[in-house]
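One structure is given here, and the rest of the page talks about it.
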Amino acid sequence: MRRAAGCFGLLLAFCALTRAQGVSEVDQLAPGRFLVAGRDLGDPNFAEAVVLLVQYSEQRGAMGVIINRRTDVPISRVLNDLKEAQNRADLIYVGGPVELNSLIAPLRSADKLDGAKKIFGDVYLMSSKELLQKTLASRVDANVFHAFLGYAGWQPGQLEHEVDAGAWHIMPADAAEVFHSDPDSVWPRLIRRTETQIAAAPAQWRRAAR
């Protein structure tokens, strides 16, 4: 507990130092970033969550999907109106508390996809029913395709305020983590990585945290 408190103090010191230098962690917000929930984030919708940002604008707000909330419900049951989804045993994810009747489906592809929005690297967000049907018909493997019900959304200025308050750590997204076969392991691993980086901060940051 003492170690976690020390890391949190270092995080605050780092934020204060970067603001003094004209740099803010908020400046890192962009599509293709992970939001890693801080240990003290108490909102049950986001506790121990890792969010992949898929849209971000200072004027329009932000949108993302929680990548580590897998259910025990197969895709075939949720998409029972699509014959292409029949017999798919891979499980649906809950992407966030907003519009739980909507479907968001990221796909990892080496080829550029028409009808899809590139989020980062080779990860795309499918935006048409036709592309979803085509993808399912191709028997795409679950290690490059996930389906999410709902999403996480923030009004303009809301996410920036939460980041400044220390609720979220920001880091570049990693496709291997987005499609990890053990989503329960993603947050513990990323929060430890964040705390290790903070603990390795230069001595002046550590002194500022005391």
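Coordinate-derived values only; no laboratory data. Quantities reported herein were computed from a predicted structural model and do not represent experimental measurements.
For region 104-175, the square roots a ≥ b ≥ c of the C-alpha gyration tensor eigenvalues yield an a/c of 1.5 or more together with a/b exceeding b/c, which makes the shape prolate.
Does region 9-167 come out rounded, prolate or oblate, given a ≥ b ≥ c as the square roots of the eigenvalues of its C-alpha gyration tensor, rounded meaning a/c under 1.5 and, failing that, prolate meaning a/b above b/c? Taking the square roots of the gyration eigenvalues as a ≥ b ≥ c, region 9-167 is prolate.
Overall, the anisotropy analysis places region 144-193 in the oblate class: the square-rooted eigenvalues a ≥ b ≥ c of its C-alpha gyration tensor yield a/c not less than 1.5, with a/b not exceeding b/c. Dividing the mean sequence gap of close Cα pairs (under 8 Å, 6+ apart) by how many residues region 14-130 holds gives a relative contact order of 16 percent.
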